[in-house]
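Structure record follows, encoded as structure tokens.
The values are calculated or read from the model by the stated rules, or taken from the named source; none is laboratory data. No experiment lies behind these values; they were computed from the predicted model shown. FYI the Cβ positions are ideal-geometry reconstructions off the backbone, even for glycines, and counts take in every protein chain you see.
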Amino acid sequence: MTNISIPGTHNTFTYRTSISMSKCQTYTLKEQLRQGVRYLDVRCVYKKDGLKIYHGLDNLGLNLDTCLMWVRDFLQEHPSEIVLLRFQREKKGGKETDEQYYKAICAAFENVGLQMYNNAEISNKTVGNWRGKAIIVEYNNMYKISQSAASYQYLTGFSYWGYLSSPKQVDAKWADILEKEVAVADSLKFNRLNLTSSGGKKILGITIPNPKSFTRLLVQRKYDDIVELLQHTPHHFIVIVDFEELYTGIPGEFYKQIIERNF
């Protein structure tokens, strides 16, 4: 399981927002899954009637049960596939504890009839053992790893690009990733290559988040380098992107390039 390259999306459900500071995706979950995405970034806020999907303060108008139902339906229609999920507790909705939040995730899986598996169970097993299943590979809080999920072995190789807005910053961060993260990938389990950021334009010295603006800049500066890395490195990654259609202009084509790394 840890020796394959997997396409993923950052803030998977933000196709539902029209706020440019929040929006990271164009395609619906069903479209993402059809195009080959197998890693989902799920951000939730705890409410008394269940977990709701958010990005920061942006309510995306979905509950977790609905999202997991779509995942369940996809796996039932495609029993040879596997879906990985990363959960992030976007903000506290009230006085709930970490344990209550975690139990709400478990309840959502149970409500839609999905068996819940975790990273620790799969890391040393083959793809064939887990076909047709949804697997949690990470669970954390927005600002710190949740201790209530100590049994989960977190993804490694996380590259947070920060608020980048200039070509020079993008070039420097890419060099840093190659030197400090790709070079040690052999010693890690799930290697995550994040091609995402909260970058945007600076206004009066303040960077206004705009994921689409950053993606355009990243593709302009580093597309060839990214493809070169994916094609020739001996390592495998979960490759997490925003606005995949900006990479080639053909929906799903960049995801296809990631998947072809496995053959």
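Points worth noting:
- Answer from I226, I208 - the residue that is surrounded by 15 or more Cβ atoms within 10 Å (Cβ to Cβ), at pLDDT below 85 and touching a strand residue (DSSP E or B) at 6+ places or on another chain (Cβ under 9 Å): I208
- Restricting the stretch 27-43 to residues that are part of a loop (DSSP other than H, G, I, E, B) and without any contact (Cβ under 8 Å) to a residue 60 or more places away in the chain, the residue that is surrounded by the fewest Cβ atoms within 10 Å (Cβ to Cβ) is T28.
- Any hit, the stretch 5-26, residues being in contact (Cβ under 8 Å) with a residue 24 or more places away in the chain, on the phi > 0 side of the Ramachandran plot and surrounded by fewer than 23 Cβ atoms within 10 Å (Cβ to Cβ): no
- Selected residue (only one of R16, R34 is at pLDDT 95 or above, over 24 Å from R131 (Cα atoms), out of contact with any helix residue (DSSP H, G or I) (no Cβ under 7 Å at 6 or more places or on another chain) and of a type in the set (K, R)): R16
- Conditions (1) at pLDDT 65 or above; (2) under 14 Å from the mean Cα position of the chain (by Cα); (3) in a loop (DSSP other than H, G, I, E, B): number failed by G162: (2)
- Top-ranked residue of the stretch 241-263 - restricted to ones that are within 15 Å of the chain's Cα centre (by Cα) and under 11 Å from S5 (Cα atoms), ranked as surrounded by the fewest Cβ atoms within 10 Å (Cβ to Cβ): Y255
- Condition broken by M21, with the remaining ones in (1) in a strand (DSSP E or B); (2) modelled with pLDDT under 95 satisfied: (1)
- Odd one out for M69, checked against (1) over 25 Å from T126 (Cβ atoms); (2) aliphatic (A, V, I, L, M); (3) in a strand (DSSP E or B): (3)
- Selected residue (criterion: surrounded by the fewest Cβ atoms within 10 Å (Cβ to Cβ)) from residues of the stretch 120-139 that are part of a strand (DSSP E or B) and at pLDDT below 80: E138
- Sole exception among (1) at pLDDT 95 or above; (2) in contact with a strand residue (DSSP E or B) (Cβ under 7 Å, 6 or more places away or on another chain); (3) aliphatic (A, V, I, L, M) for L246, by number: (2)
- Taking (1) at pLDDT below 75; (2) surrounded by fewer than 16 Cβ atoms within 10 Å (Cβ to Cβ); (3) more than 18 Å from L51 (Cα to Cα) in turn, M142 satisfies each apart from (3).
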